[in-house]
Amino acid sequence: MKKNSSFAFCPICLNKHEILQVEVQQEDVFQHQKITYHAQYDYCEIHEVQWANEKQLKNNSIRLKDAYRKSIGLLTSEEIKAIREKYKISQEALAVVLGWGKKTITRYETVSIQDKVHDDVLRKIDIDPLWFFDFVLRSKAEIDQKHMNKYLLSLKKYQREANLKFSEKSLYLEYYDIDINDQVGNIRLDPDRLTFVINYLATKVPDLSKNKAIKLLLFADFLHFCTYDQGITGLAYHFNQNTILPKGHEEIFHLERIHIKEIMENDYSKYVIEPDSGVKFDLLDITEINVLDSVIAKSQKSDIEELIAKIRVRTGPSKDKSVDLLSYRIACDLELNTR
Ligand SMILES: [Zn+2]
């Protein structure tokens, strides 16, 4: 029970005195279902009586309905409000854009409970900004330029975020069914750690291309594995034609804090990794940093190409093996060392 107090008129004593505001766990039946929620009341300590003022009645009703919504898997009024505010759109404008009655969203945020179909639409616009964009375009005629610009700005922002989240999820999907074994260096892939490692490399190697980053990752992972029986990133590698690639390589370079910059070189454009200035490297331990530094030092020489050529020879012709994941153990057999 949370308590607050204020000096006010007490409708029980019909006098002015200190009145407590209390929050109690309450159980009510709503839509034939027992619902537990936190209700707020004013409380007279003299007569030990509680009652709800007008504002509390309203809030308690919303709390009861939100608890009910939660229990049957619908968005709460707060969650609906959060989705709307994300797109910086008013209650009425959102209702119009979605083609619903003008007051629909206002009611969902205050007194009524949405049906499942409306709930699904709200959830979908929450996770899919482009889908919401189609709705906005459809009602273009009813939106003035100032508001349109505001919506477009927030749509762009959330589309970017949605893409980033999508990349991380896709990366998880790529790895979800891979056992923790020597094909992933005995550790589970963690996108955050991977982000740190790539940014560390990009900080130390100017104009680091994706291609070179992949080779450095492979070298560092294998080298660390040979000494500590564990890789650094948890990536799984395989040959695709004659190129060595980590599984999910497309997603890796779309992760939130991996920045790819296009630079021009002799009329050709080249994509390089620009280090994220905010990334700290505290997720990496000293043995990992040492291995990364040693790999970077070797990256100027032909060591990496030699290593890849050796692995290539070891794994044999690529045709039927192109999808096979390499065992990190290969590198130890090849007497890979830190010389
Ligand atoms: Zn009283």
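The values are calculated or read from the model by the stated rules, or taken from the named source; none is laboratory data. Please read all numbers here as calculations on a predicted model, not as lab measurements. Neighbour counts are summed over all protein chains in view; Cβ atoms, including those assigned to glycine, are modelled from backbone coordinates with ideal geometry.
Within the range 113-127, being within 24 Å of the chain's Cα centre (by Cα) and at pLDDT 90 or above holds for D119, D120, V121, L122, R123, K124, I125, D126. Would you be able to tell me the number of residues in the range 271-307 that are acidic (D, E) and under 13 Å from Y200 (Cα atoms)? Adding up the residues that qualify gives 6.
Would you confirm whether or not the range 171-183 contains a residue that is farther than 30 Å from T227 by Cβ and either hydroxyl-bearing (S, T, Y) or under 24 Å from the mean Cα position of the chain (by Cα) (or both)? Within the range 171-183, one or more residues are farther than 30 Å from T227 by Cβ and either hydroxyl-bearing (S, T, Y) or under 24 Å from the mean Cα position of the chain (by Cα) (or both).
Residues satisfying the criterion are absent from the range 256-267 (criterion: in contact (Cβ under 8 Å) with a residue 40 or more places away in the chain, assigned to a strand (DSSP E or B) and either on the phi > 0 side of the Ramachandran plot or basic (K, R) (or both)). Filter the range 77-113 for residues that are in contact with a Lys or Arg (Cβ under 6 Å, 6 or more places away or on another chain) and aliphatic (A, V, I, L, M); which is farthest from R160 (Cα to Cα)? The residue in question is I113. Of the helices (runs of 4 or more DSSP H) contained entirely in the range 132-245, those carrying at least 2 residues that are small (G, A, S) and touching a helix residue (DSSP H, G or I) at 6+ places or on another chain (Cβ under 9 Å) fall at 145-175, 210-228. Any residue in the range 316-325 that is assigned by TED's automatic domain parsing to the domain that holds G248, assigned to a loop (DSSP other than H, G, I, E, B), modelled with pLDDT of 80 or more and surrounded by 11 or more Cβ atoms within 10 Å (Cβ to Cβ)? Checking the range 316-325: at least one residue is assigned by TED's automatic domain parsing to the domain that holds G248, assigned to a loop (DSSP other than H, G, I, E, B), modelled with pLDDT of 80 or more and surrounded by 11 or more Cβ atoms within 10 Å (Cβ to Cβ).
Condition check ((1) of a type outside the set (A, V, I, L, M); (2) surrounded by fewer than 22 Cβ atoms within 10 Å (Cβ to Cβ); (3) out of contact with any Leu (no Cβ under 8 Å at 6 or more places or on another chain)) across all residues:
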{"position": "D179", "(1), (2), (3)": "yes, yes, yes"}
{"position": "D182", "(1), (2), (3)": "yes, yes, yes"}
{"position": "N186", "(1), (2), (3)": "yes, yes, yes"}
{"position": "D192", "(1), (2), (3)": "yes, yes, no"}
{"position": "L201", "(1), (2), (3)": "no, yes, no"}
{"position": "D207", "(1), (2), (3)": "yes, yes, yes"}
{"position": "H224", "(1), (2), (3)": "yes, no, yes"}
{"position": "T227", "(1), (2), (3)": "yes, yes, yes"}
{"position": "T233", "(1), (2), (3)": "yes, no, no"}
